[in-house]
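What follows draws every value from the coordinates through simple rules; no lab data is involved. These numbers come from a predicted model, not from an experiment. Here the Cβ positions follow ideal geometry from the backbone for every residue, glycine too, while neighbour counts run over all protein chains shown.
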Amino acid sequence: MINRNISLNRGSYKQPNIFGYYGNFGGAYVPEMLYRNVEELRDQYLRIIYEDSFQQEFKALLKDYVGRPSPLYHAKRLSEHYRTKIYLKREDLNHTGAHKINNAIGQVLLALRLGKKRIIAETGAGQHGVATATICALKGIECVVYMGSKDIERQAPNVARMKMLGAEVVPATSGSQTLKDATNEAIRDWINHPDNTHYVIGSVVGPHPYPDMVARFQSVISEETRAQLKEQEGRELPTKVIACVGGGSNAAGAFYHFLDEESVELIAVEAAGLGVYSGHSAATTRLGKTGVLHGSKSLVMQTEDGQVIEPHSISAGMDYPGIGPLHAHLFESGRARFLSATDQQALDAAFELTRLEGIIPALESAHALAALKEIRFNPKDITVLCLSGRGDKDLDAFMKAFEVQPKNSYEQDQSVI
Ligand SMILES: *Cc1c(COP(=O)(O)O)cnc(C)c1O
């Protein structure tokens, strides 16, 4: 099922062209000082990740360390509520609590085969930092995580986890002291240590080959889904696949093996924050224009003169002013449908899933759940929703919401800010 070749044409959904383009989006816009690193990765990644020894080690870790395959769970009460059949792909049950570990393992194994001795990463809320620090501890390799100093204050438990795992957490004190600034610091570090260091990017963003590489590591999600549907439903193809999009890695993984199956409807859900047009949003396909962000051409939220607009979402993993180039192409071509959910709609959806199924979802995943209300279902449809992570990390936000909403308010109170 996996195509190892890179096409010479305009690229397809599953594989960009040799320059890293999916249609009009992608490429590698990097400073000259990084050419060598990015070129080395581009020339080596496909050969290395499809070597037998790599595949064996990667698959063994996904199985016994992460706990894959993650279950494809028929959520019966949720299904009844929406009068259709809904399966949850349970990435929340992975070690470290989300899909991010799939990619972190893949990239660290690749870095070791490239002879790298040191791993760096950027992190916003800390989830990608924790996943990366985890696999670095397992492999006994040095790990440095850049994090905005504001985020370090706001995300104390994840900072503690990374430190306990042996990572050095370096505060980024410039600019808004958040993810964007941490990314700049990580890039600076990479420029200064081009030979011994690999930069683990946490989503399907960044210069080619990162979007394609991360999508391939996350594609295990849809590979498993096909096999599980075959076993549980007697058919490999669902009617719909729904996933939230921050940068787009869990969605890329959940869509991957269905991208060329035209009968499968793909639905991506972005964060609308306080409302798409409120000025406090992260709904990139609704608000963005073509631009270059973090090394690739994609849709970016920006002012008339190209200044990146600060995004807002209640959920740190959705709080990004762009989307990966694959998703920009899926949007522009119409292959995927893009919806959005506000902070309040995501909170309501998180409470609804918790009360109906006894599963507390990550706030990111709750955006995908919120979209269930916007979609018209046929009772015969089979829908797969990627439950990208668990909600333990979001308990503060849930507690705050709890204080302002009466108990059991999830059905009555669907108010949208
Ligand atoms: C980081 C994160 C996301 C958003 O990132 P994508 O690259 O869009 O998947 C979604 N869900 C969870 C649980 C996350 O931790």
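Odds and ends about this structure:
- Scanning region 226-253 for residues that are under 10 Å from the mean Cα position of the chain (by Cα) and not hydroxyl-bearing (S, T, Y) returns A243, C244, V245, G246, G247, G248, N250, A251, A252, G253.
- From the options I382, I375, I309, I323, residue that is within 13 Å of the ligand (Cβ to nearest atom) and either in contact with a Lys or Arg (Cβ under 8 Å, 6 or more places away or on another chain) or of a type in the set (A, V, I, L, M) (or both): I323
Conditions (1) more than 16 Å from the ligand (Cβ to nearest atom); (2) of a type in the set (G, A, S), marked per residue:
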{"position": "V300", "(1), (2)": "no, no"}
{"position": "E304", "(1), (2)": "yes, no"}
{"position": "A362", "(1), (2)": "no, yes"}
{"position": "A370", "(1), (2)": "no, yes"}
{"position": "S388", "(1), (2)": "no, yes"}
{"position": "V404", "(1), (2)": "yes, no"}
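- Candidate set from region 79-91 (those that are within 15 Å of the ligand (Cβ to nearest atom) and crowded, with 22+ Cβ neighbours inside 10 Å); member that is nearest to L363 (Cα to Cα): E91
- Looking only at region 99-134, and only at residues there that are touching an Asp or Glu at 6+ places or on another chain (Cβ under 6 Å) and in a strand (DSSP E or B), the one that is farthest from the ligand (Cβ to nearest atom): R118
- Complete set of residues in region 202-234 that are within 16 Å of the ligand (Cβ to nearest atom), part of a helix (DSSP H, G or I), farther than 16 Å from L62 by Cα and out of contact with any Pro (no Cβ under 6 Å at 6 or more places or on another chain): Y210, M213
- For region 170-180, a tally of residues being surrounded by 20 or more Cβ atoms within 10 Å (Cβ to Cβ) and not charged (D, E, K, R) returns 3.
- Output for region 268-291, where each listed residue is touching a helix residue (DSSP H, G or I) at 6+ places or on another chain (Cβ under 8 Å), touching a residue at least 40 places away in the same chain (Cβ under 8 Å), within 14 Å of the ligand (Cβ to nearest atom) and not charged (D, E, K, R): A268, V269, A271, T285
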